[in-house]
Amino acid sequence: MKRFLAIAFAVLTLLPFHKAQAVDQDAIQILLESEATARHVLGSRQYPDLNNAFDKAVGVIIVPRLLKGGFIVGGEYGNAVLLSKKSNGSWSYPAFYTIGGGSVGFQIGLKDSQMILVIRTHAGMEAILADQFKVGAEAGIVVGTFGGSVEGASTTAVGADIVAFSLDRGLFGGGALEGSVFAKRADLNQSFYAQAIDPRDIVIEGKASNPAADNLRSTLAALASK
């Protein structure tokens, strides 16, 4: 009986450790995919309007995998990272987010897209740093889009606080981004930085760091300086 209790205690003790390990691996995977997305989309320099916006950005949100699917009533989900650009051109450590929500329109099958949102104003950054940000619901905050084509930006990007870009030209059709919600992933932020911490303290105050994110940070700095 004592042996059984000892084994049970050991298992229960290790469960949080294994869960934390799994969350850490999720965070690392998101960072790797985010860096690959940044290199692929921004590094190609095929989209000059996007690159110009990124060069002057206050911050950026990278969604390496945005899954959308359904018929008539569609849904979307993806993990994301938020980073701010400092005055010296370096980038903050990332805060982890999710994007989710529904859209109304004719969508057949499942789409796996990459998306980058360039935050162009401090007001846009403050909106994202709120408890959660819903596209189209924040008074005074304009979210525009760039289409996935070499020709350049659509008129919806002019004067926008935040500009979204995807290589999938149909992703933003019919206002599909409208109603999407960005919410912080407290579990990933806590696991990755080994403390309960708010995104503002990560990306603005600089109160946490993890060298596992340094490759992404240096990649963004290099891409912005090209």
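The values are calculated or read from the model by the stated rules, or taken from the named source; none is laboratory data. From a predicted model like this one, the values you see are computed outputs, not experimental measurements. For neighbour counting, all protein chains shown are included, and Cβ atoms are generated from backbone atoms with ideal geometry for every residue, glycine included.
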Handout entry: Answer residue from segment 150-192, given it is modelled with pLDDT of 85 or more and assigned to a helix (DSSP H, G or I) and is farthest from GLY124 (Cα to Cα) among those
Key = SER191
Handout entry: Qualifying residues in segment 23-52 (those that are in contact (Cβ under 8 Å) with a residue 12 or more places away in the chain and in a loop (DSSP other than H, G, I, E, B)) - the one surrounded by the most Cβ atoms within 10 Å (Cβ to Cβ)
Key = LEU42
Practice task
Those residues that are part of a loop (DSSP other than H, G, I, E, B), in contact with a helix residue (DSSP H, G or I) (Cβ under 8 Å, 6 or more places away or on another chain) and of a type outside the set (S, T, N, Q), I need them from segment 199-214; list them, please.
Solution key: ILE204, LYS207, ALA208
Practice task
Of all residues in segment 41-69, count the ones that are more than 17 Å from SER84 (Cα to Cα) and modelled with pLDDT of 90 or more.
Solution key: 1
Fill in the blank from the handout: Going through segment 72-90 in order, the residues found to be at pLDDT 90 or above and among the hydrophobic types (A, V, I, L, M, F, W, C) are ALA80, VAL81, LEU82, LEU83
Exercise for the section: Scan (1) crowded, with 18+ Cβ neighbours inside 10 Å; (2) modelled with pLDDT under 85 for the single condition TYR93 breaks and write down its number. Expected result: (2)
Completion exercise
Restricted to segment 186-202 and to residues being closer than 16 Å to SER34 by Cα and touching a strand residue (DSSP E or B) at 6+ places or on another chain (Cβ under 6 Å), the residue surrounded by the fewest Cβ atoms within 10 Å (Cβ to Cβ) is LEU188
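Looking only at segment 114-129, decide whether some residue is in a loop (DSSP other than H, G, I, E, B), touching an Asp or Glu at 6+ places or on another chain (Cβ under 7 Å) and at pLDDT 80 or above. Steps first, answer last, please.
We begin by selecting, within segment 114-129, every residue in a loop (DSSP other than H, G, I, E, B); these are 120-121.
When the remaining residues are screened for being touching an Asp or Glu at 6+ places or on another chain (Cβ under 7 Å), the result is 120-121.
Okay, now just the ones that are also at pLDDT 80 or above, so 120-121.
Yes, that holds for at least one residue.
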